[in-house]
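Novice: Pasting a structure here, questions to come.
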Amino acid sequence: MSVFRAGSTALITGGASGIGLAVAQLCVRHGMKVAVVDKNGETLGLAKTVLDSSDAEMFEADVSKGEEWGVLKGKVEERFGGVDLLMLNAGVAGKGSWGDAEYFEKILQTNLFGVVNGLNTYIPTFQSRTSASPPSAIIITGSKQGITNPPGNPAYNASKAAVKTLAEHLSFDFKDKSTSVHMLVPGWTFTGLSGNAPGSMSKKPDGAWSATQVADYMYEKIKEDKFYIICPDNDVTEETDKKRMLWSVGDIVNERPPLTRWRPEFKEQAEKWMAEVDVKKQ
């Protein structure tokens, strides 16, 4: 039996667009009840039309504010009862740098504390589940930038690196529980964060995946009980992703400076290594 089953309930933050909405559609196809959470009332209205299901309810909330989670949980319980699938997916992008307090606060409040608040609200209920309880799952959306840490966006990278750590700890803490934990790491995906805002008529770039492709890939990996769900896209293969991650870890173990993949003095060495290494032998 899977958490994606008729009658179970999913709560998805950032669920009114992009990957969150695609996962909500996946849940509806499996006969699930879905609580779609977003802070944008307009996109929630569009999502309601897209989902077109009496078992999909829209909830407006700002996940970065801890006090709103208690209210949200009460509303969801009143409408659907308990939650079987918790997907903490809400995120914001932005550009900024050192000295820009607003940039750091905005990104960290949503991308990091939106996850922390959701976990603190719902983890006790998942911990209370027993081996006799129906299957349940927690999915946290990360980013490749939180793993390879490319220069230029320190707050975003830090927020996603922290989310990765939280998800890994959660997976360990739930290793003997009936709830499975998964970290979804999309590749280049055509969502609102990459120019495809709800209602947009923009054409998907050839190199990007659609949000539906990400949701379907996630579903297959969850069936295989994978924790790390690292999605490729039409430009970047799984092999390339693994090489980039290995090179980043190599900065530590080989006592190089950080972020050498982007340092001019290491450019030739990094490119040669990326071209020649066989990740299967690492």
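The values are calculated or read from the model by the stated rules, or taken from the named source; none is laboratory data. None of these values were measured; they are calculated from a predicted model. Please note: Cβ atoms are built from the backbone with ideal geometry, for glycine as well, and neighbour counts cover all protein chains shown.
Novice: Of the residues that sit in region 235-245 and are without any contact (Cβ under 8 Å) to a residue 40 or more places away in the chain and loosely packed, with under 15 Cβ neighbours inside 10 Å, which one is farthest from Gln213 (Cα to Cα)?
Specialist: Here the residue is Thr240.
Novice: Out of the residues in region 105-149 that are part of a loop (DSSP other than H, G, I, E, B) and of a type in the set (D, E, K, R), which is surrounded by the most Cβ atoms within 10 Å (Cβ to Cβ)?
Specialist: Lys144
Novice: Are any of the residues in region 180-192 assigned to a helix (DSSP H, G or I), more than 30 Å from Ser131 (Cβ to Cβ) and modelled with pLDDT under 95?
Specialist: Among the residues of region 180-192, at least one is assigned to a helix (DSSP H, G or I), more than 30 Å from Ser131 (Cβ to Cβ) and modelled with pLDDT under 95, which makes the answer yes.
Novice: Filter region 112-154 down to the residues that are β-branched (Val, Ile, Thr) and touching a residue at least 60 places away in the same chain (Cβ under 8 Å) and list them by number.
Specialist: Matches in region 112-154: Ile139, Thr141, Ile147, Thr148.
Novice: Return the residues of region 246-268 that are closer than 26 Å to Gly207 by Cβ, without any contact (Cβ under 8 Å) to a residue 12 or more places away in the chain and exposed (fewer than 15 other Cβ atoms within 10 Å of the Cβ); say none if nothing qualifies.
Specialist: Val249, Pro264, Lys267, Glu268
Novice: Take region 1-30 and flag every residue that is in contact with a Pro (Cβ under 9 Å, 6 or more places away or on another chain) and basic (Lys, Arg).
Specialist: Across region 1-30, the qualifying residue is only Arg5.
Novice: Could you tell me whether any residue of region 250-265 is closer than 30 Å to Ser210 by Cα and small (Gly, Ala, Ser)?
Specialist: Within region 250-265, not a single residue is closer than 30 Å to Ser210 by Cα and small (Gly, Ala, Ser).
Novice: Given the conditions (1) assigned to a helix (DSSP H, G or I); (2) in contact (Cβ under 8 Å) with a residue 40 or more places away in the chain, and given that Glu102 satisfies all but one, which numbered condition is not satisfied?
Specialist: (2)
Novice: Out of all the residues in region 99-115, which are within 15 Å of the chain's Cα centre (by Cα) and not hydrophobic (A, V, I, L, M, F, W, C)?
Specialist: Across region 99-115, the qualifying residues are Thr110, Asn111, Gly114.
Novice: Of (1) outside any loop (DSSP other than H, G, I, E, B); (2) modelled with pLDDT of 95 or more; (3) surrounded by fewer than 21 Cβ atoms within 10 Å (Cβ to Cβ); (4) out of contact with any His (no Cβ under 9 Å at 6 or more places or on another chain), Val163 satisfies all except one. Which?
Specialist: (3)
Novice: I'd like to verify a number: residues in region 42-94 that are of a type in the set (Asp, Glu), loosely packed, with under 15 Cβ neighbours inside 10 Å and in contact (Cβ under 8 Å) with a residue 24 or more places away in the chain, how many?
Specialist: Number of matching residues: 1.
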